[in-house]
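I have placed the structure first, in the form of structure tokens, so that the comments after it can refer back to it.
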Amino acid sequence: MNHALEIANLKARYCAASDMCTHDEPAARVIFDTLFTDDFTGDYGMVQFANSAALADFMSQAIGGGSEWMYHMLHSPLIEIGGTEATGDWVVSALSKKRDDGQIQQILGRYSDTFRLTESGWKISRITFNRQEL
């Protein structure tokens, strides 16, 4: 079993669900429900999340509500595994098209995450996103 690949695929499913919020919020929420530990927290700088439901709400409203489409692209993964805990660090770039004025927005930053191996596989226990101003 390749744990690093499982973690990379888990993060890819998170990005796919985030992008899906723009055109299929119910399906995105189904995916979000499979990704996180029960004690998940998130820090996106401008907003903090005490649980995965709050993150899913934010993604559905901020991304799904404000964008016609969005595409996350992850680069240069650094995944370190120690038993049932792991960390993952990715450079992320994302493009989106705003619903209100059609403007294309570019986002650049870094995800620094923690993961935990559970009975149902690897789950995200914390996401930290640091955005780089362009």
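The values are calculated or read from the model by the stated rules, or taken from the named source; none is laboratory data. Since the structure is predicted, the reported quantities are computational estimates derived from the model, not experimental observations. Calculation scope for accessible area: heavy atoms of the full protein, side chains included, ligands and nucleic acids excluded. Shrake-Rupley method; radii C 1.70, N 1.55, O 1.52, S 1.80 Å.
Stretched out straight at 0.36 nm per residue, the stretch from residue 120 to residue 97 would grow longer than its current Cα-Cα span by 4.7 nm.
Heavy atoms only, probe 1.4 Å: what % of the accessible area of the chain goes to carbon and sulfur, would you let me know? Write out the running numbers ahead of the final one.
On the way: 3730 of 7110 Å².
Heavy-atom surface of the chain belonging to carbon and sulfur, 1.4 Å probe: 52 percent.
Between the alpha-carbon centers of the stretch 89-134 and the stretch 35-81, tell me the distance in whole angstrom. Their Cα centres are 6 Å away from one another.
Using the Karplus relation 6.51 cos²θ - 1.76 cosθ + 1.60 with θ = phi - 60°, the per-residue 3J(HN,Hα) values for the stretch 9-26 come to 5, 4, 5, 5, 5, 4, 5, 5, 5, 4, 5, 5, 4, 6, 9, 8, 4, x Hz, with x marking Gly and Pro.
Compute and list, largest first, the equivalent-ellipsoid semi-axes of the chain from the alpha carbon gyration tensor, each √(5λ) rounded to a whole angstrom.
Working: eigenvalues 121, 52, 34 Å².
Semi-axes, largest first: 25, 16, 13 Å.
Accessible area ranking (1.4 Å probe, heavy atoms, ligands and nucleic acids excluded), largest first, for 126, 13: 13, 126. Couplings for the stretch 89-98, taken from phi via the Karplus curve 6.51 cos²θ - 1.76 cosθ + 1.60 with θ = phi - 60°, read 10, 9, 7, 10, 10, 9, 10, 9, 10, 5 Hz in order; Gly and Pro are left as x. The 3J(HN,Hα) values that the Karplus relation (6.51, -1.76, 1.60; θ = phi - 60°) gives for the stretch 116-121 are, in residue order, 9, 7, 10, 4, 9, x Hz. Gly and Pro appear as x.
In this structure the amide hydrogen of residue 49, modeled in the peptide plane, comes within under 5 Å of the amide hydrogens of 42, 43, 44, none closer than 5 places in sequence on its chain. Between the amide H of residue 125 and those of 37, 114, 115, 116, distances stay under 5 Å, these residues lying 5 or more places away or on another chain, with hydrogens modeled in the peptide plane. State whether the stretch 8-70 is rounded, prolate or oblate according to the following rule on the C-alpha gyration tensor (a ≥ b ≥ c being the square roots of its eigenvalues): a/c under 1.5 gives rounded; otherwise a/b larger than b/c gives prolate, and the remaining case gives oblate. Oblate.
Per residue, the accessible area of the stretch 40-86 comes to 53 Å², computed with a 1.4 Å probe over protein heavy atoms only.
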